[in-house]
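Bear in mind that the values in this text are calculations on the coordinates, not laboratory data. A quick note: this is a predicted structure, and the numbers were derived from the prediction, not measured. Backbone-built Cβ (ideal geometry, glycine too); neighbour counts: all protein chains shown.
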Amino acid sequence: MKPCPFCAKEIQDSSTICEYCNTSLTEDPKETVLGSTLVPPTKPKMSTGIKVLIGVAILFAVAVPLAIIAAISVPIYIEYVKGSRSNDAQVTIGTVFNAVKMYRQDRGADPGSVEELEQLGYLTVDELTKKQWKFTLIGNPVQAIEAVSTAEMKGGAGHQVKYDFQTGRFTGYGLATEESGQ
């Protein structure tokens, strides 16, 4: 004995029709109600135009914020990279500045070049830095120290970093300027 899936009354195991509710037991019970066959429900289909419209809306919802973020962050990142590349020049210019002060104190005059400072033992410049930057003393007495990048620097040749003795400020490549507000 088994229960009828429609009326729950006990019927024979071999029954194909329930003797109480007269329902066929050979059809899928989900598609049959009291002996009549139902058409299974179908989901309404979305038109292609609506699908495209939803796709475009999602694309804009993702692409527009990404474009805004890129427009803001890429220039900031580029300036950061420039600043990082110019850092070697700034550090070496600081070392050259100290060497000029020691030379002046020892000899009562200013050196003629960065090479002279190196030859006399006042200064040692890292070989990699020398490959990427050319250092020059400006003026006699020295008023400024300038570094110009070579083709070996990843940012390219011709970028200038300068330290002015009177103002005590660095200017040039990778450095904030008053005009830009950085």
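Amide H to amide H distances under 5 Å link I17 with L25, where only residues 5 or more positions off or on other chains count and H is placed in the peptide plane. When +1 charges are put on Lys and Arg Cβ atoms and -1 charges on Asp and Glu Cβ atoms, the dipole computed for the chain relative to its Cα centre reaches about 300 debye. Taking label points 7 Å from Cα along the Cα-to-Cβ direction, K154 and L128 give a separation of 1.1 nm. Packing around the peptides 137-143, 85-91, taken as the average count of other Cβ atoms within 10 Å per residue, puts them in this order, highest first: 85-91, 137-143.
Around the Cα centre of the range 82-172, unit charges on the Cβ atoms of Lys, Arg, Asp and Glu (plus for the first two, minus for the last two) sum to a dipole of about 320 debye. Among the listed values [x] 10.4; [y] 24.5; [z] 17.3, the one computed from these coordinates for mean projected area of the Cα convex hull in nm² is [y]. For the range 119-182, the dipole from Cβ point charges (+1 on Lys and Arg, -1 on Asp and Glu) about the Cα centre works out to 140 debye, to the nearest 20. Computed from phi, the 3J(HN,Hα) profile of the range 61-73 under the Karplus parametrisation 6.51, -1.76, 1.60 (θ = phi - 60°) reads 5, 9, 5, 5, x, 5, 5, 5, 4, 5, 4, 8, 7 Hz, with x in place of Gly and Pro. D88 sits among other residues whose Cβ lies under 13 Å from its own Cβ, and their net charge, with Lys and Arg +1 and Asp and Glu -1, is +3. Sites listed here are GluC sites (Glu not before Pro) in the range 111-182 whose DSSP assignment is loop and whose Cβ has at most 16 other Cβ atoms within 10 Å: E152, E178, E179. Sites listed here are trypsin sites (Lys or Arg not before Pro) in the range 113-182 whose DSSP assignment is loop and whose Cβ has at most 16 other Cβ atoms within 10 Å: K154.
So, counting K/R as plus one and D/E as minus one, what does the shell of residues with Cβ under 12 Å around V161 add up to? Residues near V161 contribute +2 overall. Remark on I11: its backbone amide H falls under 5 Å from those of K2, C4, a criterion applied only to residues 5 or more positions apart or on other chains, H modelled at 1.01 Å from N.
Among F165, L120, T150, which residue has its Cα furthest toward the positive end of the charge dipole of the range 111-165, with +1 on Lys/Arg Cβ and -1 on Asp/Glu Cβ? The residue sitting most towards the positive pole is T150.
Note that the range 46-54 has calculated 3J(HN,Hα) couplings of 8, 6, 4, x, 5, 4, 4, 4, 5 Hz, one per residue in order, obtained from phi through the Karplus relation 6.51 cos²θ - 1.76 cosθ + 1.60 (θ = phi - 60°); glycine and proline are x.
Using only helices, what value at 222 nm comes out for the chain when you add -39,500 (n - 2.57) per DSSP H run of length 4 or more and divide by the total residues, to the nearest 500 deg cm²/dmol? List each step's numbers first, then the result.
Values: 3 runs with 72 residues, N = 182.
Helix contribution divided over all residues of the chain: -14000 deg cm²/dmol.
Each label point was placed 7 Å from the Cα along the Cα-to-Cβ direction; for Q105 and S15 their separation is 11.3 nm. Within the range 90-182, all pairs of alpha-carbon atoms sorted by distance into 10 Å bins from zero give the percentages 16, 47, 29, 7, 0.
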